[in-house]
Each structure stands twice: as structure tokens, then as C-alpha cells.
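What follows is a short report on a single structure.
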Amino acid sequence: MRPPSPSIPEKEFLFTALKQSLRLDGRHALEMRPIELSFGPELGWVECALGKTRVLAHVDAKMIKPPPERPFEGLITIHSEISPMASSEYEVGRSSEEEVTITRMLDKVVRRSDTVDKESLCILAGQRVWHLRLTIHCLADSGNLLDCACLAGLVALKHFRRPDVEVIGEEVTVHPPTSRAPLPLSLHHTPYCFTFAFFPDTSIPPVLDPNLLEQRLNGGLISIALNAQRELCVVQKSGGVPLVQEDVLKIVDIAVGKAKEVDDFVESRLKEDWEGRKVEVR
């Protein structure tokens, strides 16, 4: 069921604080909540926390026969699930607007921007390719579920390792991790998503990474996906207040700096996890 709308005192208090460049959790207007990444025992299991918003991402792979129109490319499917465990406003068996938004954004970020090299997933042209399935489970919604889900999904793809494959003629042999070390996916780039909230009162500055109350009272959201190399991949605005060109360019410049910071943090965490793992090859 839908939660009750924020009360008038809550709304007035939030807007008054934002006009003074104050946020309820003590952040600056353009400051993100701290990111936490934890990795499961299997490669491709990642839990991402953005403040109290938590998302679990999982990648698995299986061999399939490719469609005849694309015999040299592997397949990637994305599935997101938001259960009542994340928030009481979500219902079992009914797709919410947030769930559809997350799936569409991940589709743009991962598939349409060619994050994964799909030709590298081909094993035997027209006969066998890898089919990657990225599953997103939303565990807790404390605002800005979209950015957290995108980050969890991309880190899971970077963390995942597929089995090594040997092809002799028409015969395909899949080697288990105990005999040959699994291989990382070939990624062209790693775009990160950043969401900014705008408000009907133009005297209130835009805020990065809105919390739950800011998200409910915003006058419009704009999500930008870009990588650390300053390449813009996706710009998505879901209605709300109109923005002039200068406003969009300003937040793109802010997102460029944040993308570099997030990329450095992700790479350091992946390196720490990999160094702590023992891969035995007999």
C-alpha cells in the first residue's frame, strides 16, 4: 500500500532547511551518502549500500544457442525485484513504477551503452554463446534506489568470472574453476548513475542522491549515467519542473567529478576482495 504523503510541517521544515543549504542527514547539497560494498562467497554476488538503501545484485551465466539474427553475440537479460521487505509501499506480484524505472535504466546503462562486449561472449558462432542474467534484489529503500541498483549491478558484472572454455572443432569443453581459473568479463567501460532532485521553488538548489523524504517532495528528478572517462551514456528526466540548458550542464560537470571518485572506490574494493580470495587450480 502507498504510504501517507508527508505532512505540511515536514514539507515546510525540509524546504526551509534546503534553502539554507542544510539537509536532514547533515550532508551538503551535492554530497552523496557513503557507499558500502560487500561481496558474497561466490563471484558475482555483491551487496551495495547507499546510506540505509541496500541492494543485492547477482550475475550468473549459462550456455545457449544464439538467435539466428545475431549469431556472434552473447545475450544479457536484466531482472529487478522490489519486495515488501524493502518498503511497505511495494506489493508482492505487482510491478511498481520504481521497479520498471530501475530495469529500464539498467537496460540503457548495461546493454544499450555496450558496457559488456557481447561478441566476447561468443563461444562457437551460431552454436553456443554465454547468456548472462543480472538479477537485482532491493532489500531496503531509504531513497534513491535507482543509483544504488545501478552501482550494485555494474560492480557485480566487474566482480563476476565466467568458466574458461576450450573449443576443438565442434566440441565445446567447459572447465570448472578447480582445473582452470575463471575469466573476467570483457567490459568496454563502467558508467555510474547519479540522480539529482529539483524542487518547485527555484530558490532551493538541486540535491544529489536524494533521501526518501526529498524524493517524495521533489519537483523533478534527473538521472545521469557516465563513466570516469567523461563519456556521457544516459540522461533521463522523469517529468517535473523544466530545466534550462545551463542547469543540465552544471549537474553534468558535478557528475563527472563524482564518477571518478566512485570508480576509484569501486576498483580499490574489488582489488581488496580479490587479494583476499584463494583460487585453487589443480
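The values are calculated or read from the model by the stated rules, or taken from the named source; none is laboratory data. What you see is a predicted model; the values in this text were computed from it and never measured. Neighbour counts are summed over all protein chains in view; Cβ atoms, including those assigned to glycine, are modelled from backbone coordinates with ideal geometry. Note: accessible area is taken over every heavy atom of the protein model, side chains too, but ligands, DNA and RNA are not part of it. Shrake-Rupley method; radii C 1.70, N 1.55, O 1.52, S 1.80 Å.
What the table shows:
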quantity: Semi-axis lengths, Å, the stretch 1-147, gyration tensor of Cα atoms, sqrt of 5 times eigenvalues; calculated: 38, 17, 14
quantity: Förster-model FRET efficiency, 35 Å R0, Lys11 and Gln245, C-beta, rounded to 0.05; calculated: 0.75
quantity: log₁₀ of I(q)/I(0) at q = 0.27 Å⁻¹ - the stretch 141-199, Debye sum with one point per alpha carbon; calculated: -1.08
quantity: For the chain: accessible area per residue (Å², 1.4 Å); calculated: 52 Å²
quantity: Virtual spin-label span in nm between His131 and Glu231, 7 Å along Cα→Cβ; calculated: 2.8 nm
quantity: Residue of Asp164, Asp141, Asp107 that the Gaussian network model of the chain assigns the largest fluctuation, springs spanning Cα pairs under 10 Å; calculated: Asp164
quantity: The chain: proportion of alpha-carbon pairs further apart than 27 angstrom, %; calculated: 44 percent
quantity: Most fluctuating residue given options Lys118, Lys108, Lys271, as computed from a GNM of the chain linking Cα atoms under 10 Å; calculated: Lys271
quantity: Equivalent ellipsoid dimensions for the stretch 148-282 as semi-axes, Å, which come from the Cα gyration tensor, largest first; calculated: 41, 15, 13
quantity: Theoretical FRET efficiency, 1/(1+(r/R0)^6), r = Cβ-Cβ of Val100 and Leu187, R0 25 Å, to 0.05; calculated: 0.45
quantity: Top positive-direction residue, dipole computed over the chain with Cβ charges, set Ala152, Gly51, Val165; calculated: Val165
quantity: Computed helical MRE - 222 nm, the chain, DSSP H runs ≥ 4 contributing -39500 (n - 2.57), nearest 500; calculated: -8500 deg cm²/dmol
quantity: For the stretch 219-280 versus the stretch 1-57, the gap between their alpha-carbon centres in whole angstrom; calculated: 16 Å
quantity: Heavy-atom accessible surface of the chain: percent carbon and sulfur, 1.4 Å; calculated: 53 percent
quantity: The chain: most fluctuating residue of Leu43, Leu212, Leu106 per GNM, C-alpha cutoff 10 Å; calculated: Leu212
